[in-house]
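Peer 1: Let me begin by handing over the structure; questions about it come next.
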Amino acid sequence: MKTAVLFASMVVVLGFAKKVNSNQSQNTQTVAPKVTVGAALKTKANSPAPPTSAKQESQKTAIGKGKVAVKASGPSSFWVDEVDVDDDGVVENNQFLYDAKRDMLFTYREDNFGCANGGTASGGILEALYAKGNPSGKPVGSGWYVVNLEAGKCGAKDSGVYGCKFDALGNPTECGVATINNATGEIDVVVAN
């Protein structure tokens, strides 16, 4: 009798845990931001140097703002330029940082972005693209993006940093709650199942 009760209790607890985990995964999937990685940005990954139109050229060791910021491996080329980075026909004011040691091009801007639930939101967008010859061996133009969402924004139940890794065509490959790894310049993603 005790064994039957214990077994039934375990089934109920495991079923509850699976339901909670399933709900968390569904929440992560429905709040993943949708940021378009435009052709101009992918082109810059092939030649990540400040153009003649660049402003505020300097050396910096970080790019971004608040929770949506990343540290470079050392002093790196920084510039500001107006580029349509998301193929929406509107030129945006973008900050760029090229980390030559990692062969990664980072860009940060304040802009609108789509939500997986069909809505839109606005805020800081940090993107990273792997450049030619990157030591990680990643395809040129692939990379990641992150945004910081407050609870209730874009369907997020919890405040946090959300993002996606994407392939060389800009297609998302992994999306979810994201953590920026300043030691590598990459992100770790808790992927929704």
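The values are calculated or read from the model by the stated rules, or taken from the named source; none is laboratory data. In this text the structure is predicted, and so the values were computed from the model without any measurement. All Cβ positions, even for glycine, are placed from backbone atoms using ideal geometry, and neighbour counts span all protein chains on display. Accessible surface areas use protein heavy atoms only, side chains included; no ligands, DNA or RNA. Shrake-Rupley method; radii C 1.70, N 1.55, O 1.52, S 1.80 Å.
Peer 1: I'd like the residue in segment 12-67 that is in contact with a Ser or Thr (Cβ under 8 Å, 6 or more places away or on another chain) and open to solvent by 50 Å² or more (accessible area, probe 1.4 Å) and, out of all such residues, is modelled with the lowest pLDDT.
Peer 2: So, considering only residues that are in contact with a Ser or Thr (Cβ under 8 Å, 6 or more places away or on another chain) and open to solvent by 50 Å² or more (accessible area, probe 1.4 Å), the one modelled with the lowest pLDDT is 49.
Peer 1: How many residues does segment 139-160 hold that are surrounded by fewer than 19 Cβ atoms within 10 Å (Cβ to Cβ) and closer than 16 Å to residue 127 by Cβ?
Peer 2: 2
Peer 1: When the residues of segment 110-141 are filtered to those that are among the aliphatic types (A, V, I, L, M) and in a strand (DSSP E or B), which remaining residue is farthest from residue 67 (Cα to Cα)?
Peer 2: The selected residue is 129.
Peer 1: Turning to a different aspect of this structure: Between 135, 172, which is within 12 Å of the chain's Cα centre (by Cα) and surrounded by fewer than 21 Cβ atoms within 10 Å (Cβ to Cβ)?
Peer 2: Working: 135 fails: within 12 Å of the chain's Cα centre (by Cα).
One residue alone meets the criteria, 172.
Peer 1: Kindly indicate whether any position in segment 101-113 is open to solvent by 30 Å² or more (accessible area, probe 1.4 Å), in contact (Cβ under 8 Å) with a residue 12 or more places away in the chain, out of contact with any Pro (no Cβ under 9 Å at 6 or more places or on another chain) and over 24 Å from residue 150 (Cβ atoms).
Peer 2: Checking segment 101-113: not a single residue is open to solvent by 30 Å² or more (accessible area, probe 1.4 Å), in contact (Cβ under 8 Å) with a residue 12 or more places away in the chain, out of contact with any Pro (no Cβ under 9 Å at 6 or more places or on another chain) and over 24 Å from residue 150 (Cβ atoms).
Peer 1: Separate question: Only one of 157, 165 is touching a strand residue (DSSP E or B) at 6+ places or on another chain (Cβ under 6 Å) and of a type in the set (D, E, K, R). Can you tell me which?
Peer 2: Unique residue meeting the criteria: 165.
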